[in-house]
Amino acid sequence: MLSTEKTAERGRFDAAHELGHLVLHGEEQVPHGPQAEGEAHRFAAALLMPAADVLAYAPRNPSTNWILQAKRRWKVAAMALAHRLHELNLTTEWQYRTHCVELGRLGYRKAEPQSALVREASQVLGKVFTALRAEGTPPSDVARDLQLRPADLNDLIFGLVVTAQDGGRDDARSGAAARRPQLSVVR
(Lines give C-alpha, C1' and ligand atoms only; values in the text may rest on other atoms or scores of the structure.)
Protein backbone atom coordinates (compact mmCIF):
# COMPACT_ATOMS: atom_id res chain seq x y z
CA MET A 1 0.00 0.00 0.00
CA LEU A 2 1.29 3.44 -0.92
CA SER A 3 0.53 6.86 0.46
CA THR A 4 -2.00 8.77 -1.62
CA GLU A 5 -0.94 12.04 -0.04
CA LYS A 6 2.09 12.32 -2.32
CA THR A 7 1.95 13.50 -5.91
CA ALA A 8 1.64 10.91 -8.67
CA GLU A 9 5.30 11.34 -9.61
CA ARG A 10 6.47 10.60 -6.09
CA GLY A 11 3.99 7.75 -5.73
CA ARG A 12 5.40 6.10 -8.88
CA PHE A 13 8.91 6.34 -7.43
CA ASP A 14 7.75 4.88 -4.11
CA ALA A 15 6.12 1.95 -5.92
CA ALA A 16 9.27 1.31 -7.97
CA HIS A 17 11.37 1.59 -4.79
CA GLU A 18 9.25 -1.03 -3.00
CA LEU A 19 9.40 -3.27 -6.08
CA GLY A 20 13.17 -2.90 -5.90
CA HIS A 21 13.12 -4.25 -2.35
CA LEU A 22 11.11 -7.29 -3.51
CA VAL A 23 13.32 -7.94 -6.53
CA LEU A 24 16.67 -7.28 -4.86
CA HIS A 25 16.07 -8.47 -1.33
CA GLY A 26 13.38 -11.12 -1.70
CA GLU A 27 10.00 -11.20 -0.06
CA GLU A 28 11.23 -13.40 2.80
CA GLN A 29 14.03 -11.06 3.85
CA VAL A 30 13.15 -7.79 5.56
CA PRO A 31 15.44 -5.19 3.96
CA HIS A 32 16.91 -2.64 6.29
CA GLY A 33 19.71 -0.19 6.55
CA PRO A 34 21.17 2.44 4.29
CA GLN A 35 22.63 -0.09 1.84
CA ALA A 36 19.26 -1.77 1.15
CA GLU A 37 17.54 1.61 0.83
CA GLY A 38 20.20 2.85 -1.58
CA GLU A 39 19.88 -0.28 -3.70
CA ALA A 40 16.08 0.05 -3.88
CA HIS A 41 16.46 3.75 -4.71
CA ARG A 42 18.87 3.03 -7.57
CA PHE A 43 16.57 0.26 -8.85
CA ALA A 44 13.61 2.67 -8.92
CA ALA A 45 15.64 5.33 -10.73
CA ALA A 46 16.87 2.83 -13.34
CA LEU A 47 13.37 1.40 -13.84
CA LEU A 48 11.66 4.77 -14.28
CA MET A 49 14.51 6.59 -16.03
CA PRO A 50 16.46 3.98 -18.03
CA ALA A 51 20.06 5.01 -18.59
CA ALA A 52 19.94 4.53 -22.38
CA ASP A 53 16.88 6.75 -22.71
CA VAL A 54 18.19 9.47 -20.40
CA LEU A 55 21.58 9.49 -22.13
CA ALA A 56 19.94 9.67 -25.57
CA TYR A 57 17.56 12.48 -24.59
CA ALA A 58 19.36 14.64 -22.05
CA PRO A 59 21.95 17.26 -22.92
CA ARG A 60 25.17 17.43 -20.98
CA ASN A 61 24.90 20.05 -18.22
CA PRO A 62 21.11 20.58 -18.48
CA SER A 63 19.52 23.60 -16.85
CA THR A 64 17.01 23.48 -14.02
CA ASN A 65 14.34 24.63 -16.49
CA TRP A 66 15.20 21.67 -18.73
CA ILE A 67 14.73 19.33 -15.74
CA LEU A 68 11.31 20.86 -15.02
CA GLN A 69 10.25 20.25 -18.62
CA ALA A 70 11.86 16.82 -19.03
CA LYS A 71 10.44 15.34 -15.82
CA ARG A 72 7.17 14.89 -17.73
CA ARG A 73 8.86 12.51 -20.18
CA TRP A 74 9.60 9.98 -17.45
CA LYS A 75 6.73 11.00 -15.13
CA VAL A 76 9.09 11.47 -12.19
CA ALA A 77 9.79 14.13 -9.58
CA ALA A 78 12.17 16.90 -10.57
CA MET A 79 14.56 16.04 -7.73
CA ALA A 80 14.63 12.39 -8.83
CA LEU A 81 15.53 13.43 -12.37
CA ALA A 82 18.22 15.81 -11.11
CA HIS A 83 19.70 12.96 -9.09
CA ARG A 84 19.54 10.54 -12.03
CA LEU A 85 21.28 13.05 -14.31
CA HIS A 86 24.08 13.35 -11.77
CA GLU A 87 24.24 9.57 -11.30
CA LEU A 88 24.72 9.23 -15.08
CA ASN A 89 27.48 11.88 -15.04
CA LEU A 90 25.48 14.37 -17.09
CA THR A 91 25.97 16.99 -14.37
CA THR A 92 28.91 17.81 -12.14
CA GLU A 93 28.67 17.76 -8.35
CA TRP A 94 28.44 21.55 -8.39
CA GLN A 95 25.64 21.55 -11.00
CA TYR A 96 23.74 18.88 -9.09
CA ARG A 97 23.93 20.91 -5.89
CA THR A 98 22.84 24.03 -7.77
CA HIS A 99 19.85 22.13 -9.22
CA CYS A 100 18.91 20.90 -5.72
CA VAL A 101 19.05 24.44 -4.31
CA GLU A 102 17.05 25.92 -7.20
CA LEU A 103 14.46 23.12 -7.13
CA GLY A 104 14.15 23.47 -3.36
CA ARG A 105 13.61 27.21 -3.68
CA LEU A 106 10.84 26.52 -6.22
CA GLY A 107 9.11 24.06 -3.88
CA TYR A 108 10.30 20.81 -5.46
CA ARG A 109 12.19 19.51 -2.42
CA LYS A 110 9.15 17.77 -0.87
CA ALA A 111 6.45 18.04 -3.55
CA GLU A 112 5.73 18.61 -7.22
CA PRO A 113 4.06 22.04 -7.41
CA GLN A 114 1.25 22.21 -9.96
CA SER A 115 1.57 18.52 -10.78
CA ALA A 116 -0.88 17.57 -13.52
CA LEU A 117 0.06 13.90 -13.62
CA VAL A 118 -2.86 11.62 -12.76
CA ARG A 119 -2.15 8.92 -10.21
CA GLU A 120 -2.00 5.47 -11.74
CA ALA A 121 -4.50 2.96 -10.45
CA SER A 122 -3.82 -0.71 -9.91
CA GLN A 123 -5.54 -2.95 -12.41
CA VAL A 124 -4.62 -5.93 -10.27
CA LEU A 125 -6.36 -4.58 -7.17
CA GLY A 126 -9.71 -4.36 -8.95
CA LYS A 127 -9.29 -7.85 -10.39
CA VAL A 128 -8.37 -9.29 -6.99
CA PHE A 129 -11.42 -7.76 -5.31
CA THR A 130 -13.68 -8.88 -8.15
CA ALA A 131 -12.37 -12.46 -7.82
CA LEU A 132 -12.74 -12.40 -4.04
CA ARG A 133 -16.27 -11.06 -4.34
CA ALA A 134 -17.11 -13.81 -6.90
CA GLU A 135 -15.81 -16.40 -4.42
CA GLY A 136 -18.01 -14.91 -1.73
CA THR A 137 -15.09 -13.73 0.39
CA PRO A 138 -16.28 -10.85 2.58
CA PRO A 139 -14.09 -7.74 2.96
CA SER A 140 -13.74 -8.52 6.68
CA ASP A 141 -11.88 -11.74 5.78
CA VAL A 142 -9.59 -9.83 3.41
CA ALA A 143 -8.86 -7.28 6.14
CA ARG A 144 -8.13 -10.07 8.65
CA ASP A 145 -5.74 -11.80 6.20
CA LEU A 146 -3.93 -8.50 5.66
CA GLN A 147 -3.88 -7.92 9.43
CA LEU A 148 -5.93 -4.74 9.07
CA ARG A 149 -9.15 -3.47 10.55
CA PRO A 150 -11.97 -3.45 7.95
CA ALA A 151 -12.25 0.35 8.22
CA ASP A 152 -8.50 0.69 7.54
CA LEU A 153 -8.77 -1.60 4.50
CA ASN A 154 -11.58 0.59 3.16
CA ASP A 155 -9.47 3.71 3.69
CA LEU A 156 -6.48 2.13 1.92
CA ILE A 157 -8.53 1.29 -1.14
CA PHE A 158 -9.68 4.89 -1.33
CA GLY A 159 -12.76 4.34 0.79
CA LEU A 160 -14.84 2.73 -1.93
CA VAL A 161 -15.90 -0.89 -2.15
CA VAL A 162 -18.72 -1.98 -4.42
CA THR A 163 -20.87 -4.68 -2.85
CA ALA A 164 -23.98 -6.52 -4.00
CA GLN A 165 -27.09 -6.22 -1.84
CA ASP A 166 -30.52 -7.70 -2.23
CA GLY A 167 -32.77 -4.95 -3.57
CA GLY A 168 -36.01 -6.78 -2.80
CA ARG A 169 -37.38 -6.56 -6.37
CA ASP A 170 -38.46 -9.26 -8.80
CA ASP A 171 -36.53 -9.56 -12.04
CA ALA A 172 -39.20 -8.62 -14.58
CA ARG A 173 -37.12 -9.75 -17.56
CA SER A 174 -36.86 -13.38 -16.48
CA GLY A 175 -40.45 -13.61 -15.33
CA ALA A 176 -39.18 -15.44 -12.26
CA ALA A 177 -39.43 -14.24 -8.71
CA ALA A 178 -35.62 -14.16 -8.52
CA ARG A 179 -34.13 -11.36 -6.49
CA ARG A 180 -31.78 -9.00 -8.31
CA PRO A 181 -28.80 -7.64 -6.36
CA GLN A 182 -28.42 -3.87 -6.17
CA LEU A 183 -25.05 -2.14 -6.10
CA SER A 184 -24.20 0.37 -3.46
CA VAL A 185 -21.04 2.12 -2.31
CA VAL A 186 -20.10 1.59 1.33
CA ARG A 187 -17.37 3.13 3.44
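The values are calculated or read from the model by the stated rules, or taken from the named source; none is laboratory data. From a predicted model like this one, the values you see are computed outputs, not experimental measurements. Every residue, glycine among them, receives a Cβ derived from its backbone with ideal geometry; neighbour counts consider all protein chains shown. Quick note on the areas: whole protein, heavy atoms, side chains included, nothing else; ligands and nucleic acids left out. Shrake-Rupley method; radii C 1.70, N 1.55, O 1.52, S 1.80 Å.
The set of residues in the range 74-111 being hydrophobic (A, V, I, L, M, F, W, C), farther than 18 Å from R42 by Cα and more than 26 Å from the chain's Cα centre (by Cα) consists of W94, V101. When the range 42-92 is filtered for residues that are open to solvent by 50 Å² or more (accessible area, probe 1.4 Å) and among the aliphatic types (A, V, I, L, M), the ones remaining, listed by number, are L47, A52, L55, A56. Identify the residue in the range 93-111 that is outside any helix (DSSP H, G or I) and among the aliphatic types (A, V, I, L, M) and, among all such residues, is surrounded by the fewest Cβ atoms within 10 Å (Cβ to Cβ). Looking at the filtered set, the residue picked out is L106.
Among the residues of the range 60-92, the ones that are touching a residue at least 12 places away in the same chain (Cβ under 8 Å) and part of a loop (DSSP other than H, G, I, E, B) come to 10 in all. Set side by side, the residues L55, L68 differ, and just one is of a type in the set (A, V, I, L, M, F, W, C), out of contact with any Lys or Arg (no Cβ under 6 Å at 6 or more places or on another chain) and closer than 23 Å to A111 by Cβ, which is L68. Of all residues in the range 123-149, those that are surrounded by fewer than 13 Cβ atoms within 10 Å (Cβ to Cβ) have Cβ atoms under 6 Å from Cβ atoms of residues that are in a helix (DSSP H, G or I), 6 or more apart or on another chain, in S140/P150.
Quick check on R119: is it touching a residue at least 40 places away in the same chain (Cβ under 8 Å), open to solvent by 40 Å² or more (accessible area, probe 1.4 Å) and either closer than 30 Å to I157 by Cα or touching a strand residue (DSSP E or B) at 6+ places or on another chain (Cβ under 6 Å) (or both)? Taking the combined requirement at face value, the residue satisfies it.
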